[in-house]
1. Out of (1) within 14 Å of chain A (Cβ to nearest Cβ); (2) at pLDDT 95 or above; (3) open to solvent by 50 Å² or more (accessible area, probe 1.4 Å), the odd one out for B:Asp431 is which?
2. Looking at B:Gly224, B:Gly247 in this structure, which one is more than 9 Å from chain A (Cβ to nearest Cβ) and surrounded by 24 or more Cβ atoms within 10 Å (Cβ to Cβ)?
3. Tell me the residue from A:His182, A:His142, A:His136 that is at pLDDT below 95, surrounded by fewer than 23 Cβ atoms within 10 Å (Cβ to Cβ) and on the phi < 0 side of the Ramachandran plot, please.
4. Which numbered condition in (1) among the small types (Gly, Ala, Ser); (2) at negative phi; (3) within 14 Å of another protein chain (Cβ to nearest Cβ) is the only one that A:Ala470 fails?
5. Please go through segment A:498-543 and give me each residue that is more than 7 Å from chain B (Cβ to nearest Cβ), free of Cβ contacts under 8 Å to residues at least 12 places away in the same chain and in a helix (DSSP H, G or I), ordered by number.
6. Look through segment B:257-287, keep the residues that are among the polar types (S, T, N, Q) and under 20 Å from the mean Cα position of the chain (by Cα), and return whichever of them is farthest from the other protein chains (Cβ to nearest Cβ).
7. Just need a number here: residues in segment B:495-533 that are over 27 Å from B:Val148 (Cβ atoms) and of a type in the set (A, V, I, L, M).
8. State the number of residues belonging to segment A:437-465 that are touching a residue at least 24 places away in the same chain (Cβ under 8 Å), on the phi > 0 side of the Ramachandran plot and not in a strand (DSSP E or B).
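The values are calculated or read from the model by the stated rules, or taken from the named source; none is laboratory data. This one's a predicted model, so the numbers in the text were calculated from it and none came from an experiment. Note that we place each Cβ from the backbone using ideal geometry, even for glycine, and neighbour counts take in every protein chain shown. Keep in mind that these areas ignore ligands, DNA and RNA; they rest on the heavy atoms of the full protein, side chains included. Shrake-Rupley method; radii C 1.70, N 1.55, O 1.52, S 1.80 Å.
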There are 2 protein chains.
Amino acid sequence: MMSRLAPRWPAWLFWWRAACAQGVSAQQRTWAGASRIPEPGGPWGATGTSPLVRRGSSSASSGAPEVTLTRERYSVRRLPFSVVSEDDLAALERIVPGGVITDPEELEAPNVDWLRTVRGSSKVLLRPRTSQEVAHILRYCHERNLAVSPQGGNTGMVGGSTPVFDEIIVSTALMNQIVSFHNVSGVLVCQAGCVLEELSRYVEERGFVMPLDLGAKGSCHIGGNVATNAGGLRFLRYGSLRGTVLGLEVVLAEGTILNCLTSLRKDNTGYDLKQLFIGSEGTLGVITAVSILCPPKPSAVNVAFLGCPGFAEVLQTFCTCRGMLGEILSAFEFMDAECVKLVGRHLRLACPVQESPFYVLIETSGSGAGHDAEKLSGFLEQVLGSGLVTDGTLAADQRRAKMLWALRERITEALSRDGYVYKYDLSLPLDRLYDLVSDLRARLGLHAKHVVGYGHLGDGNLHLNVTAEAFSPSLLGTLEPYVYEWVARQRGSVSAEHGLGFKKKDVLGYSKPPEALQLMQQLKALLDPKGILNPYKTLPTRT
Amino acid sequence: MMSRLAPRWPAWLFWWRAACAQGVSAQQRTWAGASRIPEPGGPWGATGTSPLVRRGSSSASSGAPEVTLTRERYSVRRLPFSVVSEDDLAALERIVPGGVITDPEELEAPNVDWLRTVRGSSKVLLRPRTSQEVAHILRYCHERNLAVSPQGGNTGMVGGSTPVFDEIIVSTALMNQIVSFHNVSGVLVCQAGCVLEELSRYVEERGFVMPLDLGAKGSCHIGGNVATNAGGLRFLRYGSLRGTVLGLEVVLAEGTILNCLTSLRKDNTGYDLKQLFIGSEGTLGVITAVSILCPPKPSAVNVAFLGCPGFAEVLQTFCTCRGMLGEILSAFEFMDAECVKLVGRHLRLACPVQESPFYVLIETSGSGAGHDAEKLSGFLEQVLGSGLVTDGTLAADQRRAKMLWALRERITEALSRDGYVYKYDLSLPLDRLYDLVSDLRARLGLHAKHVVGYGHLGDGNLHLNVTAEAFSPSLLGTLEPYVYEWVARQRGSVSAEHGLGFKKKDVLGYSKPPEALQLMQQLKALLDPKGILNPYKTLPTRT
């Protein structure tokens, strides 16, 4: 496809610094060649080919020291739920025959989040296969006042999918059946435990794509994606799950199955109840099945990696790009020079373009390869000619496209190798997006190793990361609440796509007014009066 | 733009039957030339140029006989709200100085829906200018147990925006200020009473478009659009308001202002409260301001009108179209032969292609005129060559594009001239979409004048209309609950985009299970414990 266009492209577009290929070690090549490289600011792909994380494992590195129990590290008090008894185990065994796990070794992984920052002490994990089983479980737990922690792929970033104390873990792992797929409408209906990557493969074979894609796709469950309102890499093009999820089946706290599993694009009959459960992190109900609209698979995909002289030029490049690439633009990611330096230092991935203060990665996805390449060419000539971009490269094939994506997607991994990482996932107005990074750099001076900014620029989503040799309460005190207050002044979001879970629940107030918080608490009380569903998550601790 | 492509287009594409132009009367030309022609299955544009409806009028035809009072025509009982007293009027005058309307003549229009099927007997209309005034109004009404009917442009199809008894009408007409527009992100923030067409003009001057467009845009308010989760003509391309509305400001029943007016594309801090109010038709709160994401304005728009030999071919044309036009497809509408005959008979609009059992209207919107025309040409060659399409025409300029759109958009008007119209707005699985029309035709035989089907095929949305000489309870009995039961068997929606309002509230159960209905009623009780907000709407009458 690209060859026929070659005469129209500047020579540099196909230039690929030798060091780039040479700098990739055997292991990294395997890793970068995995079907999806690490999530932007998220967990690893954890596909079969990844040497870093085995599927099903919830920890970012094996053999690491034991994670401190959440109840010991954080100031949190157990609520007066019942404790699971032998009678309870027998009753649960009758509800989920063969699906009651109590072996301490098997319970290790699901008690710990993949970042290894929180650790519960659950003694029971349940593996239901049907919504009816989930309903029976919740009915029983509700009656017995037993707390429940729903868990999908356990790939969350904010400790939302692991128990805090001894909550019963209800895993969707065995609820992994595809219910239906309609090859005209593109509507997929499946159980909540289907792994995103497997769904992607399934619909791609039928000429469609999933409307979301993220690094954790090899492990994450679609039910968890919906419960956390996951953003990810296709958000710019296909929008929020609030638009693409057509229906849900949810089990409510007291065991009622709420079937809103419609496959219709339009349905204005009453309140749209499914929206209550999208993004509520399992605190209002347990999602057991999902109906989702899959867009047609684009036949042509291009990836360009460009260097920009300043953040103002990054923004102007974005505007130009949106105007000239229009409907084929599918990703506009940015990263600062520090990010690329860290990826080079820790992962030996060389930057394929001249050193620049900022870099952007642009992806196009369209239905006409020739047309798309022409549009991209016109855009690149424009931004190069006007000085918005000083250097760039274009992937000539899928392998190189993945290598370019790796520069963006492996930043998280590089950061984790740089030391202790303080992580922030923020939404900010585009024109102030990078100011916080500069401010923090000045504020922290030599107290931090690195202060870096990158993220989904097209969505206004900044991943701000600060690295230091080790965790330090004084550095944390310099960062917080400063970062949250800064974001609040810009009316930004203190959690753009990661949710609040356990770790961020107390900063909700920086992005939402007290009236909103009060209504959220009323909704929680209405839907889960005993508070058994994923307690200690999402909403601030009541004082 | 088209001339450079001419050699590649088949000659027929530019053929335009002389009769088509000749058949348009002077009045109709003016009308078709209005900035937006009538809504698909909805109210007229009501722009300044429309001879049919004056802006601000709520009735479809002036000088028509008086509409029967809702309380007389329907079996509905007034709930025990207070009655507005002189003291109340004085208090309201202090809250909204100069904004209390009690003149019976001025109250005539806002008491009647535009279809002239329901009529309330409200004695008071309030015109607040700020959210604070709305808050004070609701706080007062809540304390006094006075019912309230929020009203935007009063262009709804289901009697949702007019009072049923003597509810106080709270109009957003004077809340029409644009708060901000960001020319990089495309985020518009405005008061709820802004007229959609004026917002469209505002953002188009800045290189963006509103993510929704509908026939009523000359009158409808953005707050009403959001409150009813309006669908319309751009749904296929830009998706649901649930994805494009970024934030809302809402006044709750007891007068609290809930400010969730974020301008961020991503915000996962707690439950997404704004979703409660989108589509809840003013029964849970009064929307006072909206933040909405506007997509960039496409630089090239094409419209084609094609004839298909059968509904199977319509569906195959849709699949082919989606594959070959991909990301530039912005509308795929269909209509049956009866629709086009009625438009010809009653409005003298001639069909520009050979008589066919079905017709489709395809619109493309893209960023590259040449590319788009090439894609469209390839698609047209394919569908003509394979026999999916037997004849077609392509608009060569904007005027002709509007004439093609008129054939689709004026169907509602043609139907209303055919007699009494029984209207259904349904979502159905694509492959069964037209079966209901055929079934009904056989079932009704000579009892109906015409049974027609048309709609937003790309969204699975059928507008099913049955005309008869006059209203007949026996014909109604043949139609209902037959139609609703038919739709329920297909797990369709009995209200795709029009909502439930007053007229469809009791058919909710055909599309939602009892558990959903119960939760909706709990939400209503939580948010509006006295039930003062838009009573007798959305939720079924409690028996």
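1. (2)
2. B:Gly224
3. Result: A:His182 is the single residue among A:His182, A:His142, A:His136 that is at pLDDT below 95, surrounded by fewer than 23 Cβ atoms within 10 Å (Cβ to Cβ) and on the phi < 0 side of the Ramachandran plot.
4. (3)
5. Residues satisfying the conditions are A:Pro514, A:Gln518, A:Ala525.
6. Just the residues of segment B:257-287 that are among the polar types (S, T, N, Q), to begin with: B:259, B:262-263, B:268-269, B:275, B:280, B:283.
Retained after the next criterion (residues that are under 20 Å from the mean Cα position of the chain (by Cα)): B:275, B:280, B:283.
Details: B:Gln275: 4, B:Ser280: 5, B:Thr283: 9 Å.
Applying the filter and picking the extreme gives B:Thr283.
7. 1
8. 1
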